[in-house]
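Participant: For reference, the structure I am asking about is given below.
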Amino acid sequence: MPPEENGAESAAVPVAADSEPAAIAEPVQAGPAETRPAERHDTTQSLIETLGLEALPAVAVRARVADPLVRERTLRALQDLRQIPALQSLAQGFMQAMNRPQVAVDEVVGAIAKDSALCVRVLRMANSVLVSPERRIEDLDTAVQMLGVARVRKAAQALFTLRDANRVAEGFDWRHLWIHALATAAIAEELEQQLRSAGDSQLHLAALLHDVGKIVLSTIAPDDYRDILVMAWNENGRLEEMERARLGVDHREAGVLFAQHNGLPAVVVEAIAHHDRPEAAQTHRFEVALVAIANYVSKTHGLGFSGARLDESDGEFGDLSAWRVLEEEGGARPNIEAIEEEIGRFVTGLRAELRELHETT
């Protein structure tokens with residue numbers, strides 16, 4: 001609807017210059033908002049690609065506070081999520097990939113062999129310096145045995161998710177968001193290994209789906225959500241505020257409803273609802289705090305693009321509220337400086353792995 005019909009103001013949006021797309025930005029040290037990766041041109045390009053545009057529009061309609069009827073309409077649309085085949089398939093696919101009982105190696109190999117891109121991906125993983133420094137792996141049986149079934153299944157799900165990222169919400173290409181989600185999941189698991197011995201098998205899924213509400217909203221209200229992303233980017237405001245103003249709900253509430261409708265585990269629901277404020281989580285607080293820190297690290301290092309900028313209100317790594325939650329839940333204060341150093345090294349390898357995955361798809 002044109003601005004004059006909506007009674008809304010217009011806001012200028014910077015138009016990106018021509019550039020090669022970059023799914024994964026180069027690392028930038030976290031600091032003041034103007035120096036963080038979300039300010040860089042490559043993240044602008046990620047937003048342009050997500051929206052399927054050649055450049056950001058010169059103006060966008062500024063959202064106003066949504067009236068109760070807008071919220072009511074959005075909630076009705078969210079209640080019908082199970083009738084959207086792409087999203088239903090997405091949820092079922094994650095559950096099958098992450099929660100299926102252990103299977104035989106030959107069954108996994110048989111499934112991989114049917115997809116040439118996945119074959120290449122698994123063999124590359126097996127031949128990486130970190131996994132196999134001394135000998136070259138050329139057969140799938142050895143590769144799967146070396147990597148482990150769980151890791152191979154995650155790799156397969158990542159590949160299929162990126163491959164279908166532009167089919168879930170019509171008019172959107174969410175590959176950059178999924179790269180961000182995959183990075184967040186990998187970092188969360190790495191943090192968990194550093195902080196406790198007994199891992200939560202559902203942490204990966206919780207981190208992977210923490211931003212799924214953005215896809216949900218872009219599915220039920222594509223035109224509105226395209227405007228919301230542009231407005232949030234242009235005004236350097238909080239995406240959640242723009243979402244509530246335009247649609248009456250934000251992506252966290254939408255994601256929670258999606259997760260509940262599809263019977264996803266409680267830890268996934270809590271991570272979706274509270275990954276920005278883990279101290280508000282009622283259950284699974286340790287896991288939610290890990291997701292919160294991983295999400296911050298993923299954004300800071302420009303791993304994919306979550307659809308929103310980091311700003312000063314996001315704070316600094318050592319001051320995140322998630323650390324207090326981890327201290328409360330674990331009984332001891334984590335060594336934040338040591339963890340930051342270890343995560344920095346981990347991200348270096350993860351960046352290369354994600355770039356290779358993006359090129360494979």
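Participant: Can you find, within segment 170-190, the residue that is nearest to the chain's Cα centre (by Cα) among those that are charged (D, E, K, R) and under 14 Å from Ala294 (Cβ atoms)? Don't jump to the end; show me each part of the working.
Facilitator: Kept after step one, since they are charged (D, E, K, R), are these residues of segment 170-190: 170, 173, 175, 189-190.
Okay, now just the ones that are also under 14 Å from Ala294 (Cβ atoms), so 189-190.
Working: Glu189: 14, Glu190: 16 Å.
Filtering first and then ranking leaves Glu189.
Participant: Give the residue, chosen from Glu253, Glu235, Glu241, Glu270, that is surrounded by fewer than 19 Cβ atoms within 10 Å (Cβ to Cβ) and closer than 28 Å to His204 by Cα.
Facilitator: Values: Glu253 fails: surrounded by fewer than 19 Cβ atoms within 10 Å (Cβ to Cβ); Glu235 fails: closer than 28 Å to His204 by Cα; Glu270 fails: surrounded by fewer than 19 Cβ atoms within 10 Å (Cβ to Cβ).
Exactly one residue qualifies, and that residue is Glu241.
Participant: Out of (1) within 24 Å of Ala289 (Cα to Cα); (2) surrounded by 13 or more Cβ atoms within 10 Å (Cβ to Cβ); (3) not small (Gly, Ala, Ser), the odd one out for Gln193 is which?
Facilitator: (2)
Participant: Which of the residues spanning segment 325-350 are hydrophobic (A, V, I, L, M, F, W, C) and not in a helix (DSSP H, G or I)?
Facilitator: Residue satisfying the conditions is Ala332 alone.
Participant: Going by the conditions given, is Gly318 over 21 Å from the mean Cα position of the chain (by Cα), among the small types (Gly, Ala, Ser) and in the same structural domain as Ile215 (by TED's automatic domain parsing)?
Facilitator: When the stated conditions are applied, Gly318 passes them.
Participant: I've got another one for you. Which one of Ser128, Ser132, Ser116 is modelled with pLDDT of 75 or more, of a type in the set (Ser, Thr, Tyr) and outside the structural domain of Ser218 (by TED's automatic domain parsing)?
Facilitator: Working: Ser132 fails: modelled with pLDDT of 75 or more; Ser116 fails: modelled with pLDDT of 75 or more.
Result: Ser128 is the single residue among Ser128, Ser132, Ser116 that is modelled with pLDDT of 75 or more, of a type in the set (Ser, Thr, Tyr) and outside the structural domain of Ser218 (by TED's automatic domain parsing).
Participant: Follow-up question, since we're still on this one. Any residue in segment 341-361 that is farther than 17 Å from Ala126 by Cβ sitting within a Cβ distance under 6 Å of a residue that is among the basic types (Lys, Arg)? List the pairs, counting only those 6 or more apart or interchain.
Facilitator: Thr361/Arg163
Participant: Quick check: is even one residue across segment 65-85 in contact with a helix residue (DSSP H, G or I) (Cβ under 9 Å, 6 or more places away or on another chain), under 20 Å from Glu241 (Cβ atoms) and at pLDDT below 85?
Facilitator: Yes, segment 65-85 has at least one match.
Participant: Looking at (1) assigned to a loop (DSSP other than H, G, I, E, B); (2) farther than 30 Å from Gly52 by Cβ, can you tell me which one Arg309 breaks?
Facilitator: Going through the list (1) assigned to a loop (DSSP other than H, G, I, E, B); (2) farther than 30 Å from Gly52 by Cβ, Arg309 breaks only (2).
Participant: Give me a count of the residues in segment 249-265 that are without any contact (Cβ under 8 Å) to a residue 40 or more places away in the chain and under 14 Å from His210 (Cβ atoms).
Facilitator: Of the residues in that region, 2 qualify.
Participant: Something else: Can you run down the residue pairs with Cβ atoms below 9 Å, 6 or more apart or on separate chains, where the first is in segment 267-291 and of a type in the set (Lys, Arg) and the partner is modelled with pLDDT under 95 and surrounded by fewer than 20 Cβ atoms within 10 Å (Cβ to Cβ)?
Facilitator: Sorted first by the residue in segment 267-291, then by its partner, the pairs are Arg285/Glu329.
Participant: Report, ordered by the first and then the second residue, all pairs with beta carbons closer than 8 Å, sequence separation of six or more or different chains, a first member in segment 185-209 that is free of Cβ contacts under 8 Å to residues at least 12 places away in the same chain, and a second member that is in a loop (DSSP other than H, G, I, E, B).
Facilitator: Gln193/Gly199
Participant: Do you know which residues across segment 258-278 are assigned to a loop (DSSP other than H, G, I, E, B) and not charged (D, E, K, R)? Let's see the steps before the verdict.
Facilitator: Of segment 258-278, the ones assigned to a loop (DSSP other than H, G, I, E, B) are 262-265, 275-277.
Answer for segment 258-278, where residues must be assigned to a loop (DSSP other than H, G, I, E, B) and not charged (D, E, K, R): Asn262, Gly263, Leu264, Pro265, His275.
The values are calculated or read from the model by the stated rules, or taken from the named source; none is laboratory data. Being a predicted model, the structure only gives us computed values, none of them experimental. A quick note on method: Cβ atoms are made from the backbone with ideal geometry, for glycine too, and the neighbour counts reach across all protein chains shown.
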